[in-house]
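Student: Mind looking over this structure? Questions follow.
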Amino acid sequence: MATVIRSKISNKLSNAATTVTNKSQAKVSGMFAKLGFQAATDEEGLGFAACDDLDYDHRQGLQMDILKTEEMGGEGGGETAGEGDSHYQRDGTGPPPSASKDGGLCSELGSPDKPKITAWEAGWNVTNAIQGMFVLGLPYAILHGGYLGLFLIIFAAVVCCYTGKILIACLYEENEDGQLVRVRDSYVDIANACCAPRFPALGGHVVNVAQIIELVMTCILYVVVSGNLMYNSFPNLPVSQRSWAIIATVALLPCAFLKNLKAVSKFSLLCTLAHFIINILVIAYCLSRARDWAWDKVKFYIDVKKFPISIGIIVFSYTSQIFLPSLEGNMQKPSEFHCMMNWTHIAACILKGLFALVAYLTWADETKEVITDNLPSSIRAVVNLFLVSKALLSYPLPFFAAVEVLEKTFFQDGGRAFFPDCYGGDGRLKSWGLSLRCALVVFTMFMAIYVPHFALLMGLTGSLTGAGLCFLLPSLFHLKLLWRKLLWHQVFFDVAIFVIGGICSISGFIHSVEGLIEAYTYNLAD
């Protein structure tokens, strides 16, 4: 009996000591994860590095949830710590992994056994981001820029490729042995590092605001283009463009019920197929009219008033920097990232330039904001229906990303959150949280109704957030974090990109706002 009692007391003391040790390790790992560092010998620490900034709040809770599982296992005697590594809950009391809000996405990303993507797969993701449906607005940019517009398509590709590379360089620092070590995981981590120690969270807030604006504006553009295309496809129907936008929004309301990215990712292949079909049909029609191409209409001068808007359109079509850190972190061979960026942007530059030029040569001065509106009525409806389907299928991804950032910032930031958590203890979305999601969908509808101008909105977004995320911030962060190690020509490039990007951003923003005011005033006059 005494032996049994001594054994139980010994087990209790051993469990208590183990718990204290684990908690101390968790605090240290959590502190390093918050600062952007990772412990190479800690499996949970590696999990922090694999998740992007949208899951930052989940990553902070990972260690303590594992400890709770270990404590329960220690008391119950039958549960091991390995079970805590396979999943986590927000508060440790939620449903099983399969029913959790994120479907175990973060744990999958953080798992050491998760297969990494190849350079070709990473390139496919970048290609999908920079060769989307907004390419259909590039011929309109050539209308107002001529040959300079073509040059800007090439220039933007070169600059965005370069800023993508220097953004990834900001993730690394040299250790004591002179080897590069990845000490940051996301765009937000880089921004916070640049603003430390005085304002350690300011940079992250700036990046998050820019990201939210770009994501919401992208959603608005999808609704605008859907209403525009349906109206031009069926002009004889007694349905206005605003009414078509409302119908499109009704079809998009189920997006408010999205729980994870797995449901969104299923639409990726359908969007890609629709995009290829649209491009093939447009190019085939343009080639059939090659004899009538108006080479004399391509100008060497620019429309000073409208060309800055074209700059925003071109820049917006190349935006991909916001997810590059996460993409590079999940590559099998991160050393191939630079090569991948080179061939994806070269391919995008060639395809965009040829598409914009061929389409403009076909319709010249009659080129419209969305090039498919120039197609003859016999095939316009078919092409536009494909384009509308792509827009509706593409809407959930930026919407879900915007919702994640908003929820993390205002509802799930622990004690620093402005509002109570919109999720219950079981991980389910509360009714008022669902209402806020529906309100965001309705907001995009109202913006599309009152500002139904695709080119102006695209130019405004590209000038405001596109130039900031692709030109200004990467060059500024590169100079701030690595300026002592940069060569003189790298410093020159960074400063030049920052200055040119700032001028283009301010000019495009002013002219886009002026164009929107004029268009809104004209609509009121009618």
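Student: Full-extension gain between residue 335 and residue 147, please, as 0.36 nm times their residue separation minus the C-alpha to C-alpha distance.
Tutor: 64.1 nm is the gain from fully extending residue 335 to residue 147.
Student: Restricting to Cα pairs below 8 Å that are 6+ residues apart, what does the relative contact order work out to for segment 464-525? Please round to a whole percent. Could you put the intermediate results ahead of the total?
Tutor: Numbers: 29 pairs, mean separation 27.2, N = 62.
Here the relative contact order equals 44 percent.
Student: Write down the accessible area per residue of segment 270-410 in Å², having rolled a 1.4 Å probe over the full set of protein chains.
Tutor: 42 Å²
Student: Based on the mean of other beta carbon atoms within 10 Å per residue, what is the order of 325-338, 196-209, 387-400, most packed first?
Tutor: Working: 325-338: 17.5, 196-209: 15.6, 387-400: 22.2.
Per-residue mean Cβ counts within 10 Å order the peptides as 387-400, 325-338, 196-209.
Student: Once R0 is set to 35 Å, what does the formula 1/(1 + (r/R0)^6) return for the Cβ-Cβ distance between residue 303 and residue 450, expressed as a FRET efficiency to the nearest 0.05?
Tutor: 0.85
Student: Let's test the formula: R0 of 22 Å, r as the Cβ-Cβ distance of residue 294 and residue 354. What FRET efficiency results, to the nearest 0.05?
Tutor: Values: r = 16 Å, r/R0 = 0.74.
So the FRET efficiency works out to roughly 0.85.
Student: Same structure, new question: Set the Förster distance to 25 Å, then compute FRET efficiency between residue 196 and residue 496 from the Cβ-Cβ distance, nearest 0.05.
Tutor: About 0.40, to the nearest 0.05.
Student: Points 7 angstrom from Cα along the Cβ direction at residue 247 and residue 410: gap in nanometres?
Tutor: 3.2 nm
Student: Please give, to one decimal in nm, the separation of the simple spin-label points placed at residue 487 and residue 438, each 7 Å out from Cα toward the Cβ.
Tutor: It works out to 6.0 nm between the two label points.
Student: Next question, about the same structure. Per-residue counts of other Cβ atoms within 10 Å, averaged by peptide: what ranking do you get for 504-512, 187-195, 233-241, highest first?
Tutor: Ranked from most to least packed, the peptides come out as 187-195, 504-512, 233-241.
Student: Of the cross-linked pairs 165/485; 165/297; 305/368; 116/165; 297/390, which ones have a Cα-Cα span greater than 26 Å in the structure shown?
Tutor: The answer is 165/297; 297/390.
Student: Place the peptides 464-474, 158-168 in order of packing, highest mean first, counting for every residue the other Cβ atoms within 10 Å and averaging per peptide.
Tutor: 464-474, 158-168
Student: Which length gain, in nm to one decimal place, applies between residue 236 and residue 510 when the Cα-Cα distance is subtracted from 0.36 nm times their residue separation?
Tutor: Here the answer is 95.0 nm.
The values are calculated or read from the model by the stated rules, or taken from the named source; none is laboratory data. The structure presented is a predicted model; accordingly, all values stated were derived computationally and were not measured. We place every Cβ from the backbone using ideal geometry, glycine too, and count neighbours over all the protein chains shown. These area figures cover heavy atoms from the full protein model, side chains too; ligands, DNA and RNA do not enter into them. Shrake-Rupley method; radii C 1.70, N 1.55, O 1.52, S 1.80 Å.
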